[in-house]
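The values are calculated or read from the model by the stated rules, or taken from the named source; none is laboratory data. Keep in mind the model is a prediction, meaning the values are calculated, not measured. Cβ atoms come from the backbone with ideal geometry, glycine included; neighbour counts cover every protein chain shown. Surface areas here come from the heavy atoms of the whole protein model, side chains and all, with no ligands, DNA or RNA. Shrake-Rupley method; radii C 1.70, N 1.55, O 1.52, S 1.80 Å.
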Amino acid sequence: MSLGTENGPNLRGFLEEAPDALFIHDLSGRILDANRVACESLGYTRSELLSMTVFDFSIKIDRDSAPARWKSISPGTTVSRSGIHRRHDGSLFPVEVRLGFYPMGDSGVIIALARDVSLVQKTREALLRQIRINRALSEVNQAIIRMEEEDRLFPTVCEVAVSFGGMTLAYVAVNDERSLRLKIHQIVGSGQEYLKDIVFSSDPALPEGHGPAGTCFRENRIVIVNDFQKDPLTAPWHDRASLFGWGSSGTFPIARGGRPFAVLGVYHPEKEAFDPEILRLLDEMSRDISFALDNFDRDRERREAILKVADNERRFRAYFDGALMGIVALSPDGHFQEANDSFCRLTGYPREKILSLNWEDLEYPDDISLVRERLLKIGRGEIDSDVVDSRFLHQNGEVLHVHAAIKAIRKTSGNMDSFVVNIEDVTGKKKSQETIWRQANFDMLTGLPNRFMFFDRLRQEIMMAHREHFSLALLFIDLDRFKEVNDTMGHSLGDKLLVEASSRIVSCLRESDTVSRFGGDEFTAVLSRLPGGDPVEGVAEKILNHLSEPFSLSGTQESVFISASIGITLYPSDGDDAEKLLQNADQAMYVAKNAGRNRFAYFTSALQEKAQLRLMMHNELRNALDRSELILYFQPIVDFATKRMVKAEALLRWNHPKRGLILPAEFISLAEETGLIVGIGNFVFRESVRWMMRWAAILPPDFQMSVNMSAVQFESRKPLVEEWLSVLEASGLSGKNIAIEITESLLMGIGSAVTEKLLAFARNGIQVSIDDFGTGYSSLAYLRKFHIDTLKIDQSFVRNLEVNEESRILSEGIVILAHKLGLDVVAEGVETQGQFDFLSSIGCNYAQGFFLSRPLSAGLFEEYLRTLPS
């Protein structure tokens, strides 16, 4: 059948221009004719179509059943069908087909009009997709509105992305700031096994950190992968993704508080799966998540703020009501608006009464104007706060000292709202401060100014004397023999004596003069504005006379007698500052004491020179050890019986670089006073042991070296004995090779620390010798108690043996006494044959002195040792 033959040229021309494709085919499906639109829609020429059947391009027609369906169409009617046509290039497109059956010949033909409905279908699908997207966004927004806990946020979003967004798999991963891992918090959809044990990272140092998730998080942007298997961003996951057939993916940033927080990731099996609508949906969903997270945070912060306000209110009430310090609120005119319990306890008034009062009702009358002025200044805005010390009247009339801190509370307009006042009761503190001030400035025993107050008063008197051109005197008063009284009668009676002595001193001075207890049994007196003549000497004599009178102390039946030594210095002739004057007076006092006590002495220039020399020597002595200026000399000690040297005494010398060899008498007392003797004594012991070790081969096995020890060394808290014993043990010497020489006076008033040191020496075989015996007051009990081994007769007795009968008797008595006690005796200072013969005749054990040998340097002593018979 031909369109031109059957119906004429006009009909064909009309059908050729029809907007739909026209096909004519028989009941076997063979194409009999087709118009231009049919050729263009399928991409074939007419001649090509005329050689084809409808089954070659219409893919939804069943070849077996189609002829029967076509034949069943009633002539003159049409039926509509949906179909899909295949173009010459193999592409498919949807069509709507209207079919009509026209009987012709033995069978008939089918006329089919096919309309391409691709655009219509796309429009419909786009509309449906838009509806689905809007529904998805609506679902998300409604879920967010309904959601009370953020735990449901991530599951909901993932479900919407899969259910309404057409995604196969969706997840949310949150960044861990410590590990920089993007940890998956929620997964929805199929293919979840893909995400099992997978690593997403925000760390740019890791390969995984440059994938879609890491890039999206760090750069805060959407990352779309249109071909998952070829995109370099997904390279670490290509093999794994191929098992699940991912064609494309999308990753969307989620912020929280304006900062990157998490990512939303989705997967789709098709490439290029993300058209603008889907992108908009997922982008808006990620933004909605960010909004929801911020909203949750704001809501949580709001709830926390409400709770915090409530907690703060409770804490404030607890603090306000439980504060130990009084707290009140005052209106601008000073009326009480609030008061806590502490303030009520402080004033003695109940809260109800206080709230009916004004601040000035409780203020001490003399302080009202002061506090009123401060409140007015704060109220006017001249200052914002202030602190004031004032007084309150307690309900019972007692005066309270208070420390008040006042602060203004203002409205937003700047006008005064109220005053808040913290009130501290400082009544007890005031009393304590007065007590502390007295303790810091006054002697608690005598009530006199102490050393600190004395210096303050003296400096003030010096400034006044300088300004008004008058002179003053400073007296340094030291009680003689007070230590003996204190040790003998006890500290309690000693304190009573000090109190009485201070009273007597004060009675000798004018009210304008200052007397202080400087320390122990020392007093100072400042005589100001001295008149003409020499009144100072009269005052000093008066003090000496008053103190020499007997003291009748309660608790004792006999009177106690003391005296005093007074040093006097004058301003401005002797010095112009407090420290200088005190130093002068102290030196003058020692002159008086050394002159026989119970007298006074004036400071002189000679004393100053002596003090300066002493200071210089102290400074030089301090460095003498470090400069190796201290050396040892050794003096032999001979056995009377054998006439052989069996002992030696180590004697210290100071080889001064300018003054030459200085004997101990010139510097040992200074070393003891300054504490340097401890280090020097250790040096002497170590050096003695060192030389003994050097001479071990030429010394007799039982040879003994004597080392002097000062009382100051014994009283030192340093581990002296332990250190010496350690040195001795390291040397390999026996304790019997060492003897310690102490003075007789050390045994008087001996303490437990000294006792333990002496016993420690004895336990380790070190002998103890009493030097200068006969000049002190030690008793036989002391000699027994401390395991003394040797007595050394003082050379003052030995020196007079040939001319003084009393010295011979005393020396013989010491030898007899010592031998009775099992002690050996050494006579020191033996200088003549006569002295030597007498001491030998009375049985003295050992002799030491110039008659036998002078002290020798270490080198000469070694030569001396080598001359001795073996």
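Normalised Debye scattering of region 627-763 at q = 0.12, 0.22 Å⁻¹ gives log10 I(q)/I(0) of -0.52, -1.49, counting only Cα atoms as equal scatterers and leaving out solvent. Per the Debye formula on identical point scatterers at the alpha carbon atoms of region 136-281, with no solvent, log10 I(q)/I(0) at q = 0.10, 0.18, 0.22 Å⁻¹ is -0.31, -1.06, -1.59. Cα to Cα, under 28 Å, and not fewer than 8 places away if on the same chain: which lysines meet these conditions relative to LYS593? Qualifying lysines at Cα under 28 Å: LYS483, LYS496, LYS542, LYS580, LYS610.
Full extension of the segment from VAL79 to LEU27, taken as 0.36 nm per residue of separation minus the current Cα-Cα distance, would add 17.2 nm. Volume per residue of the convex hull around the Cα atoms, evaluated for region 828-870, comes out as 89 Å³.
Taking other residues whose beta carbon is less than 9 angstrom from the beta carbon of MET705, and scoring Lys, Arg as +1 and Asp, Glu as -1, yields 0.
Computed from the C-beta positions of LYS643 and HIS491 and an R0 of 56 Å, the FRET efficiency is 0.55 to the nearest 0.05. One equal scatterer on each Cα of region 369-501, no solvent, Debye formula: the resulting log10 I(q)/I(0) at q = 0.12 Å⁻¹ is -0.79. If you take every residue apart from LYS407 with its C-beta less than 13 Å away from the C-beta of LYS407, what net charge results, scoring Lys and Arg +1 and Asp and Glu -1? Surrounding charge for LYS407 is 0. Across region 424-505, the volume of the C-alpha convex hull divided among the residues equals 138 Å³ per residue. Each label was represented as a point 7 Å from its Cα along the Cα-to-Cβ direction; for ARG529 and HIS394 these points are 4.3 nm apart.
Seen against the Cα atoms of the chain and their longest principal axis, helix 118-146 is set at about 30 degrees. Against the chain, whose longest principal axis comes from its Cα atoms, helix 752-763 is set at around 80 degrees.
Where only DSSP H runs of four or more residues are counted, the chain gives -13000 deg cm²/dmol as its mean residue ellipticity at 222 nm, each run worth -39500 (n - 2.57). Counting only residues at least eight positions apart within a chain, or on another chain, the lysines with an alpha carbon under 21 Å from that of LYS122 are LYS60, LYS271. Between ALA730 and LEU852, the FRET efficiency from the beta-carbon distance, with R0 = 30 Å, is close to 0.40. Computed from phi, the 3J(HN,Hα) profile of region 203-215 under the Karplus parametrisation 6.51, -1.76, 1.60 (θ = phi - 60°) reads 7, x, 7, 9, x, 5, x, 9, x, x, 5, x, 5 Hz, with x in place of Gly and Pro.
Taking the longest Cα principal axis of the chain as reference, the axis of helix 677-694 is set at about 80 degrees.
Residues in region 82-126 average 60 Å² of solvent-accessible surface per residue, probe 1.4 Å, ligands and nucleic acids excluded. Carbon and sulfur atoms: what percent of the 1.4 Å accessible area of the chain do they account for? Looking at the chain in its full context, I get 52 percent from C and S. Candidate cross-link partners of LYS308 among the lysines, defined by an alpha-carbon separation under 25 Å and a same-chain spacing of 8 or more, comprise LYS407, LYS411. If you wrap the tightest convex hull around every Cα atom of region 436-581 and split its volume per residue, you get 108 Å³. Extension gain for ARG690 to GLU806 (0.36 nm times residue separation, less C-alpha to C-alpha distance): 37.6 nm. Relative to the current alpha-carbon distance between ASP417 and ARG614, full extension at 0.36 nm per residue lengthens the span by 63.6 nm. Compare the Cα positions of MET693, GLY105, THR674 along the charge dipole of the chain (+1 at Cβ of Lys, Arg; -1 at Cβ of Asp, Glu; about the Cα centre) and return the one farthest towards the positive end. My answer, from the dipole projection, is GLY105.
The ellipsoid that matches the Cα gyration tensor of the chain has semi-axes, each √(5λ) in whole angstrom, of 122, 49, 22, with the longest given first. Just grab the label-to-label distance for ASP283 and ASP577, each label 7 Å out from Cα along the Cβ direction, in nm (one decimal). According to this spin-label approximation, the distance is 8.5 nm.
The GluC sites (Glu not before Pro) of region 261-348 that meet both conditions, a loop assignment by DSSP and at most 16 other Cβ atoms within 10 Å of the site Cβ, are GLU270, GLU272.
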